[in-house]
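Everything below concerns the one structure shown next.
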Amino acid sequence: MKSKVFLLITSYLLLHQSLSFSQTKAEDPHRFFDPKKLTEVGVYYYPEHWDESQWERDFANMKALGFEFVHLAEFAWAHLEPKEGVYTFEWLDKAVSLADKYGMKVIMCTSTATPPVWLLRKHPDIAIMQENGVRLDHGARQHPSFSNTFYREYSLKMIEKLAQHYGQDKRIMGWQLDNEPRPSADYSEVAQQRFRDWLKNRYQTIDKLNKAWGTAFWSQVYSDFSQINIPQLSVRFMNPHQILDYQRFITDETVSFLDEQARTIRKYASPDQWITSNYIPEYGDGHLRASKEQDFPTYTRYQVFGENLGIGSRGYRLSHVERIAMANDFFRPVRNLYGVMELQPGQVNWGQINPQPLPGAVRLWLWHVFAGGSKFTCTYRFRAPIYGIEMYHYGIVGTDGITPTPGGLEFKKFIEEIELLRKVYDPKAKNNAAYEARRTAILYNHENTWDMQRNRQTTQWNTVGHVSKYYDAIKSFGCPVDFIEENTDFTNYKIIIVPAYQLIDSSLVKKWTEYVEQGGNLVLTCRTGHKNRNGQLWETPFAAPIYDLIGSKIDFYDLPLPETPNHVLFDDIAYAWTSWGEILLPNNGTEVWGTYEDDFYKGSTAITFRRLGKGTVTYVGVDSQEGEMEKEVLKKLYSRLSIPILDLPDGLHIEYRDGFGIAVNYADKTYTLPVSNNVKYLIGEKTIPTAGVSVWVANE
Ligand code: GAL
């Protein structure tokens, strides 16, 4: 008896341990994916949009094209809970069974972006109240407020039912929370109160808040938290510190809502099912990397919609190489794993102008997503809609429901090509060593972007554009790039670029300094260190907390007019700039790398370099118009550090993963790849045309 009890207790403990262990995000998410598959490809399907008699045909057609999983129930709340508390899973069960019958796994979604009308009519305040006092209404999507308590409660109730129903279902491989969740402003009374509570929690006393917000300015002082309202974002002169906190608040609201969803699912889900959400790569958003509960992030990407001009007069049919590259490099480092949940399958309907993508573009994008290390790519959507707001949006098949679109056929081709790679995949293969030796990090924090975009000082300043100049430069060197955060172990990287890192504190400066002293190479750029974490200037000369690190002082900064740009001289070439230039006063021993060419500060210092301990610090006090100067400065640095780099032309990227080299060409010209002549091409060849892809076994 005793031993039985003991056994029971130990097995309970073991089970409990394994459950709680496998259910924490901390465990390596690679366990969810079979490395031999390299990547998997899936497609969105909305059975509720189509006559049930067509479902089996549709699933059979998905399978025939090679899809390995389907994505279901994303906007289906009204179909799952047609009346309050009445749940109907039969239709979804049937779709899941059909997916299984045709050998496809399922991503199950929480349909919180589209609550049913009964819920809105019962609790109209679920919908967002805009700044102008207008409340959103039923008939679109993403109208509810993440700050609304009823919405949260009803959502979690529905999710709990869904998780109870599918949590142990082996056919479900993972979960997607909401759809493209983003923080949005809600001015309703509930949201106002939650903001006040959030502030109280952050500051404890109103005096601390008054200090952090600088409310002595313009008589803004508060004597009680109840007096505070959500800042009016459209008002030009609104308190910037209040806005910074509000952005933090709505980000937290988004993250906490998603994390609550994840925890609800985890209560019932098997440890084999992963949880993610599909984020739009808008780098100014704060929630993209913040979830504490999801296993890994995925992103959504649309390339061709009349913007993103790319290279040459038809570059808009491919878009620019940076878009997918940067999203890969931004999301992958969060958990060293990512997927892409939506990749454009063809022409869309929601741009100002909606051109056809170039033939071959969809396959190019698929390979580019793969090149960054993605574990899967999914596409919105299988069938082109024939009613609703997204008419004219392409799918994998057209409006007849059966004929594959050009993009559909490109997905098919990609899936077949991945099969080829799976056959030769060698789990022991190493990535190209020279590629790994170039690995570079970019330190990024969305709060800098928030703060600078509100306080630009010139219409010429663009924060993400500034980051892009450095990113594009190192991608043209063929570097693998990781976007990292302050809590990352900096010593993993030989070079860390820190573009316009405006908000700092002393512990960050200490971490940077130690990194350099131990042999790291830091590149800091203009605007770094100007403010504290509340977005206030230091009570010192501009950016004084970083002077010891960069080996310079900052005298002042200037902003010329765009019609008459100024120039910075670097290695005998003058580069135009308008958006930000800091006039530096270097210490003895700090090398001057670049000087200003015009105006009353002609000859003064713009760019410096110094050694510190075992490492180096480069300070680039100016933001050039075209980014060519940034590229040349970095070239000089990599050369000083004896790190060999490539010199890839605009539009051509090369990455390595799983022992394969992958090149993608977004340019309007054919290029010859700077790759050893001895490699064996599995796809494409050494010359790579527009929209071309080459893949080789990386035994260089
Ligand atoms: C995405 C969205 C999808 C669909 C798609 C159309 O942003 O997540 O639900 O609307 O756009 O291109």
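The values are calculated or read from the model by the stated rules, or taken from the named source; none is laboratory data. Every value quoted in this text rests on a predicted model; they were computed, and no experiment measured them. Cβ: placed from backbone, ideal geometry, glycine included. Neighbour counts: every protein chain shown. Ligands, DNA and RNA are excluded from the accessible area calculation, which covers all protein heavy atoms including side chains. Shrake-Rupley method; radii C 1.70, N 1.55, O 1.52, S 1.80 Å.
Side notes on the structure shown:
- Residue that is farthest from the ligand (Cβ to nearest atom), among those in the range 385-440 that are over 28 Å from the mean Cα position of the chain (by Cα) and within 30 Å of Tyr638 (Cα to Cα): Lys428
- Count of the range 534-576 residues which are touching a Leu at 6+ places or on another chain (Cβ under 8 Å) and free of Cβ contacts under 8 Å to residues at least 40 places away in the same chain: 1
- Evaluation of Lys602 against (1) open to solvent by 40 Å² or more (accessible area, probe 1.4 Å); (2) in contact with a helix residue (DSSP H, G or I) (Cβ under 6 Å, 6 or more places away or on another chain); (3) free of Cβ contacts under 8 Å to residues at least 60 places away in the same chain (one fails), failing number: (2)
- Qualifying residue in the range 148-165 (condition: assigned to a loop (DSSP other than H, G, I, E, B) and either at pLDDT 95 or above or within 16 Å of the ligand (Cβ to nearest atom) (or both)): yes
- Residues that are in contact with a helix residue (DSSP H, G or I) (Cβ under 9 Å, 6 or more places away or on another chain) and either aromatic (Phe, Trp, Tyr) or under 22 Å from Met452 (Cα atoms) (or both), drawn from the range 221-237: Tyr222, Phe225, Ile230, Pro231, Leu233, Phe237
- Test for Lys669: is it open to solvent by 70 Å² or more (accessible area, probe 1.4 Å) and among the basic types (Lys, Arg): yes
- The criterion of being open to solvent by less than 30 Å² (accessible area, probe 1.4 Å), more than 19 Å from Asp451 (Cα to Cα) and not in a helix (DSSP H, G or I) does not hold for Val516.
- Candidates in the range 94-106 are the residues that are assigned to a helix (DSSP H, G or I) and either open to solvent by 50 Å² or more (accessible area, probe 1.4 Å) or within 16 Å of the ligand (Cβ to nearest atom) (or both); of these, the one that is nearest to Asp186 (Cα to Cα) is Lys94.
- Residue list for the range 130-147, restricted to those being more than 16 Å from the ligand (Cβ to nearest atom) and surrounded by 21 or more Cβ atoms within 10 Å (Cβ to Cβ): Ser145, Phe146, Ser147
- Every condition in (1) more than 30 Å from Gln460 (Cβ to Cβ); (2) outside any loop (DSSP other than H, G, I, E, B); (3) not basic (Lys, Arg) holds for Val675 except the one numbered (2).
- Positions within the range 216-244 being loosely packed, with under 10 Cβ neighbours inside 10 Å and either of a type in the set (A, V, I, L, M, F, W, C) or not in a loop (DSSP other than H, G, I, E, B) (or both), in sequence order: Trp218, Ser219, Phe237
- Test: residue in the range 158-172 that is of a type in the set (Ser, Thr, Tyr) and surrounded by fewer than 19 Cβ atoms within 10 Å (Cβ to Cβ): no
Residue-by-condition table, conditions (1) free of Cβ contacts under 8 Å to residues at least 24 places away in the same chain; (2) closer than 30 Å to Ile280 by Cβ; (3) touching a Phe, Trp or Tyr at 6+ places or on another chain (Cβ under 9 Å):
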residue: Trp175; (1), (2), (3): no, yes, yes
residue: Tyr187; (1), (2), (3): no, yes, no
residue: Lys208; (1), (2), (3): yes, no, no
residue: Ser226; (1), (2), (3): no, no, no
residue: Pro231; (1), (2), (3): yes, yes, yes
residue: Ser234; (1), (2), (3): no, yes, no
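- Selected residue [modelled with pLDDT of 95 or more, out of contact with any helix residue (DSSP H, G or I) (no Cβ under 6 Å at 6 or more places or on another chain), under 30 Å from Pro35 (Cβ atoms) and surrounded by fewer than 22 Cβ atoms within 10 Å (Cβ to Cβ)] from Gly692, Gly684, Gly661: Gly684
- In the range 569-626, counting only strands (runs of 3 or more DSSP E) that sit wholly within it, the ones holding 3 or more residues that are over 20 Å from Val467 (Cα atoms) span 573-586, 591-596, 605-612.
- Condition broken by Thr440, with the remaining ones in (1) under 17 Å from Tyr656 (Cα atoms); (2) touching an Asp or Glu at 6+ places or on another chain (Cβ under 9 Å); (3) surrounded by fewer than 22 Cβ atoms within 10 Å (Cβ to Cβ) satisfied: (3)
- Against the conditions (1) within 24 Å of the chain's Cα centre (by Cα); (2) open to solvent by 20 Å² or more (accessible area, probe 1.4 Å), Asn534 satisfies every one except (1).
- Residue match in the range 194-204 (condition: modelled with pLDDT of 95 or more, open to solvent by less than 30 Å² (accessible area, probe 1.4 Å) and touching a Leu at 6+ places or on another chain (Cβ under 9 Å)): yes
- Within the range 107-121, tally of residues that are under 14 Å from Ser155 (Cα atoms) and open to solvent by 60 Å² or more (accessible area, probe 1.4 Å): 1
- Test for Ala429: is it part of a loop (DSSP other than H, G, I, E, B) and either aromatic (Phe, Trp, Tyr) or open to solvent by 10 Å² or more (accessible area, probe 1.4 Å) (or both): yes
- Filtering the range 382-403 to residues that are open to solvent by less than 20 Å² (accessible area, probe 1.4 Å), assigned to a loop (DSSP other than H, G, I, E, B) and not hydrophobic (A, V, I, L, M, F, W, C) leaves Pro385, His393, Gly395, Gly398, Gly401.
- Any chance Ser277 is in a loop (DSSP other than H, G, I, E, B) and touching a residue at least 60 places away in the same chain (Cβ under 8 Å): no
- Test: residue in the range 575-583 that is at pLDDT 95 or above, in contact with a Phe, Trp or Tyr (Cβ under 7 Å, 6 or more places away or on another chain) and either open to solvent by 10 Å² or more (accessible area, probe 1.4 Å) or among the aromatic types (Phe, Trp, Tyr) (or both): yes
- Flag: Asp668 matches the condition of being touching a Ser or Thr at 6+ places or on another chain (Cβ under 7 Å), of a type in the set (D, E, K, R) and more than 27 Å from Gly581 (Cβ to Cβ).
- Any hit, the range 72-83, residues being more than 16 Å from the ligand (Cβ to nearest atom), touching a residue at least 40 places away in the same chain (Cβ under 8 Å) and open to solvent by 30 Å² or more (accessible area, probe 1.4 Å): no
- Odd one out for Ser642, checked against (1) among the hydroxyl-bearing types (Ser, Thr, Tyr); (2) in a loop (DSSP other than H, G, I, E, B); (3) open to solvent by 60 Å² or more (accessible area, probe 1.4 Å); (4) on the phi < 0 side of the Ramachandran plot: (4)
- Of all residues in the range 443-483, those that are over 15 Å from Asp647 (Cα atoms), outside any loop (DSSP other than H, G, I, E, B) and either open to solvent by 20 Å² or more (accessible area, probe 1.4 Å) or of a type in the set (Ser, Thr, Tyr) (or both) total 11.
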